[in-house]
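Scroll down for the structure; my scribbles are underneath it.
The values are calculated or read from the model by the stated rules, or taken from the named source; none is laboratory data. Note that the coordinates shown come from a computational prediction; the quantities given were computed from them, not determined experimentally. In this analysis, Cβ positions are derived from the backbone assuming ideal geometry, glycine residues included, and neighbour counts consider all displayed protein chains. What goes into the accessible areas is simple: the full protein's heavy atoms, side chains included, and nothing from ligands, DNA or RNA. Shrake-Rupley method; radii C 1.70, N 1.55, O 1.52, S 1.80 Å.
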Amino acid sequence: MLDMRLERLADVLVNYSTKVQPGENVLVEAFGIDNALVKVIVQKIHKAGGNPFVNIRDNQVIRELLLNATEEQISTWANLDAKQMETMQAYIGIRGGHNLYELSDVPDEKMKLYNQLYNHKVHSSIRVKNTKWVVLRYPNSSMAQLANMSTDAFENFYFNVCTMDYENMNNAMDSLVALMNKTDKVRITGPDTDLSFSIKDIPAIKCAGEMNIPDGEVYTAPVKESVNGVISYNAPSPYNGFVFENVKLRFENGKIVEATANDTERINKIFDTDEGARYIGEFAIGVNPFIQYPMKDILFDEKIDGSIHFTPGQCYDEAYNGNSSAIHWDLVLLQRPEQGGGEIYFDDVLIRKNGRFVLSELETLNPENLK
């Protein structure tokens, strides 16, 4: 059974998400997983006529590299991997590992250098902009524990989410994309949240299995200096090896002017990474019907049915608002009734209440219509 599920997942990654074509170079980068899925992906790439390349990574090793790394070392590391990434037409990133906190004791200044010199150059500037890419997490007992599930139950959940009918989701998103593309003013309300901003003339992009697995969001970006008000995120959010909770941000003319959390000092250091870290690079609405609760994994949590994420840092070229930063942090707000509820308004019209779309043209995105 597991072999059949791996075959199906690899088929989604190679033939749907990245649509590998004959002669294309494909980098498969695996962090902390066994080789079973990697082997099947390599087979599928070869069958599609592509050229697979593989990097096997481990966060325990990355921790050792970073603990005493110099700026020159990280820069050289970034230059080497940038050369490799520049030769790729597609990228499949598989994230695993058994310890969410593996990088938690790496000094802040080292993580800042790693984000600025390595991740920004290799991933933000090259991989995201110039390759067909997809990133996913791979199930293990650690993820099951974070989700408060047995290992077997989590595996069933994982493969249901990752191999769902993304083509149906893709078609169902068209009406939301059309509405967002003609919207100016957005208002988000809920417990300790009243936030307003403009998305005028910034494209809405649907995500249905082509960049993330699992997937299920439609994103755009706010006009950079239009954000005003307060947002209180209610999903725990791991970043640089620390899990932030009760994050509350206050905005004036687009900028985060006040940030609090369970570690207020630590979160403000992140927002002081560079000028763009205090501005927003993405606004997205999550719709995946199989993901209902946070599990401290952003790739899953940002797709939760009835959620939004409002992201400090780098914007995407496809929904460009001019913001540049070494960070891109998808902080999640859940709006279903059991999580406190909330509303989304487009140009003063209510479009979603307590996690359910209320406009008739958007009802295809409610969970019973996507499963």
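Residues are listed down the side, and each one gets a yes or a no for (1) free of Cβ contacts under 8 Å to residues at least 40 places away in the same chain; (2) of a type in the set (S, T, N, Q); (3) part of a strand (DSSP E or B); (4) closer than 30 Å to ASP347 by Cα:
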position: MET149; (1), (2), (3), (4): yes, no, no, no
position: ASP152; (1), (2), (3), (4): yes, no, no, no
position: MET164; (1), (2), (3), (4): no, no, no, no
position: PRO203; (1), (2), (3), (4): no, no, no, yes
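Each row is one residue, and each column tells you yes or no for (1) farther than 16 Å from ASP192 by Cα; (2) touching a residue at least 40 places away in the same chain (Cβ under 8 Å); (3) of a type in the set (Gly, Ala, Ser).
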{"residue": "SER226", "(1), (2), (3)": "yes, no, yes"}
{"residue": "TYR233", "(1), (2), (3)": "no, yes, no"}
{"residue": "TYR239", "(1), (2), (3)": "yes, yes, no"}
{"residue": "PHE242", "(1), (2), (3)": "yes, yes, no"}
{"residue": "ASN246", "(1), (2), (3)": "no, no, no"}
{"residue": "LEU249", "(1), (2), (3)": "no, yes, no"}
{"residue": "LYS255", "(1), (2), (3)": "yes, no, no"}
{"residue": "GLU258", "(1), (2), (3)": "no, no, no"}
{"residue": "ALA261", "(1), (2), (3)": "no, no, yes"}
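Cβ-Cβ below 6 Å, separation at least six or inter-chain, first residue in segment 132-146 and without any contact (Cβ under 8 Å) to a residue 12 or more places away in the chain, second among the aromatic types (Phe, Trp, Tyr) and in a helix (DSSP H, G or I): which pairs?
ALA144/PHE154
Within segment 80-107, which residues are in contact (Cβ under 8 Å) with a residue 40 or more places away in the chain and either over 24 Å from ASN212 (Cβ atoms) or of a type in the set (Gly, Ala, Ser) (or both)? Steps first, please.
Taking segment 80-107 as the starting set, the residues that turn out to be in contact (Cβ under 8 Å) with a residue 40 or more places away in the chain are 81-82, 84-107.
Matches in segment 80-107: ALA82, ALA90, GLY93, GLY96, GLY97, SER104, ASP105, VAL106, PRO107.
Just give me the residues in segment 151-196 being of a type outside the set (Asp, Glu) and open to solvent by 70 Å² or more (accessible area, probe 1.4 Å), in sequence order.
First, pick out the residues of segment 151-196 that are of a type outside the set (Asp, Glu): 151, 153-154, 156-164, 166, 168-173, 175-183, 185-191, 193, 195-196.
If the condition is that a residue be of a type outside the set (Asp, Glu) and open to solvent by 70 Å² or more (accessible area, probe 1.4 Å), then ASN156, ASN160, ASN171, ASN181, LYS182, LYS185, ARG187, PRO191 are the ones that fit.
Which one is modelled with the highest pLDDT among residues in segment 101-150 that are of a type in the set (A, V, I, L, M) and over 27 Å from SER324 (Cα atoms)?
Taking segment 101-150 as the starting set, the residues that turn out to be of a type in the set (A, V, I, L, M) are 103, 106, 111, 113, 117, 122, 126, 128, 134-136, 143-144, 146-147, 149.
From what is left, the residues that are over 27 Å from SER324 (Cα atoms) are 143-144, 146-147, 149.
Details: MET143: 83, ALA144: 84, LEU146: 79, ALA147: 81, MET149: 87.
Ranking the qualifying residues of segment 101-150, first place goes to MET149.
Residues GLU71, GLU7: which one is open to solvent by 70 Å² or more (accessible area, probe 1.4 Å), modelled with pLDDT of 95 or more and not aromatic (Phe, Trp, Tyr)?
Values: GLU7 fails: modelled with pLDDT of 95 or more.
Matching residue, one of GLU71, GLU7: GLU71.
Does ILE188 meet the test of being of a type outside the set (Lys, Arg) and more than 28 Å from VAL227 (Cα to Cα)? Steps first, answer last, please.
Working: of a type outside the set (Lys, Arg): yes; more than 28 Å from VAL227 (Cα to Cα): no.
Spelling it out, it is not the case that ILE188 is of a type outside the set (Lys, Arg) and more than 28 Å from VAL227 (Cα to Cα).
Which numbered condition in (1) modelled with pLDDT under 95; (2) assigned to a strand (DSSP E or B); (3) open to solvent by 20 Å² or more (accessible area, probe 1.4 Å) is the only one that VAL230 fails?
(1)
Table: residues versus (1) in a loop (DSSP other than H, G, I, E, B); (2) touching an Asp or Glu at 6+ places or on another chain (Cβ under 7 Å); (3) open to solvent by 40 Å² or more (accessible area, probe 1.4 Å); (4) closer than 19 Å to ASN140 by Cα.
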{"residue": "ILE33", "(1), (2), (3), (4)": "yes, no, no, yes"}
{"residue": "HIS46", "(1), (2), (3), (4)": "no, no, yes, no"}
{"residue": "ILE62", "(1), (2), (3), (4)": "no, no, no, no"}
{"residue": "ALA78", "(1), (2), (3), (4)": "no, no, no, no"}
{"residue": "GLN84", "(1), (2), (3), (4)": "no, no, yes, no"}
{"residue": "GLY97", "(1), (2), (3), (4)": "yes, no, no, yes"}
{"residue": "GLU109", "(1), (2), (3), (4)": "no, no, yes, no"}
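Scan (1) modelled with pLDDT of 95 or more; (2) surrounded by fewer than 20 Cβ atoms within 10 Å (Cβ to Cβ); (3) touching a strand residue (DSSP E or B) at 6+ places or on another chain (Cβ under 6 Å) for the single condition LYS296 breaks and write down its number.
(1)
Do we have GLY306 as within 19 Å of GLY341 (Cβ to Cβ) and small (Gly, Ala, Ser) here?
On the way: within 19 Å of GLY341 (Cβ to Cβ): yes; small (Gly, Ala, Ser): yes.
The answer is yes for GLY306.
What residue, among those in segment 51-60 that are more than 22 Å from the chain's Cα centre (by Cα) and under 30 Å from SER141 (Cβ atoms), is most open to solvent (accessible area, probe 1.4 Å)?
Keep residues of segment 51-60 that are more than 22 Å from the chain's Cα centre (by Cα), which gives 51-54, 60.
If we keep only those that are under 30 Å from SER141 (Cβ atoms) as well, we get 52-54, 60.
Values: PRO52: 29, PHE53: 86, VAL54: 64, GLN60: 114 Å².
Checked segment 51-60; the qualifying residue most open to solvent (accessible area, probe 1.4 Å) is GLN60.
Looking only at segment 306-341, how many residues end up being assigned to a loop (DSSP other than H, G, I, E, B) and open to solvent by 10 Å² or more (accessible area, probe 1.4 Å)?
At the first step, the residues of segment 306-341 found to be assigned to a loop (DSSP other than H, G, I, E, B) are 306, 314-316, 320-327, 329-331, 335-336, 340-341.
Still in the list and also open to solvent by 10 Å² or more (accessible area, probe 1.4 Å): 314, 316, 320-322, 324, 326, 330, 336, 340.
Number of matching residues: 10.
Does segment 342-364 hold any residues that are part of a strand (DSSP E or B) and within 24 Å of the chain's Cα centre (by Cα), and which are they? Break it down stepwise before answering.
Residues of segment 342-364 part of a strand (DSSP E or B): 343-346, 349-353, 356-357.
Within segment 342-364, GLU343, ILE344, TYR345, PHE346, ILE351, ARG352, LYS353, ARG356, PHE357 meet the criteria.
What number of residues within segment 239-287 satisfy the criterion of being crowded, with 23+ Cβ neighbours inside 10 Å and part of a strand (DSSP E or B)?
Here the count works out to 9.
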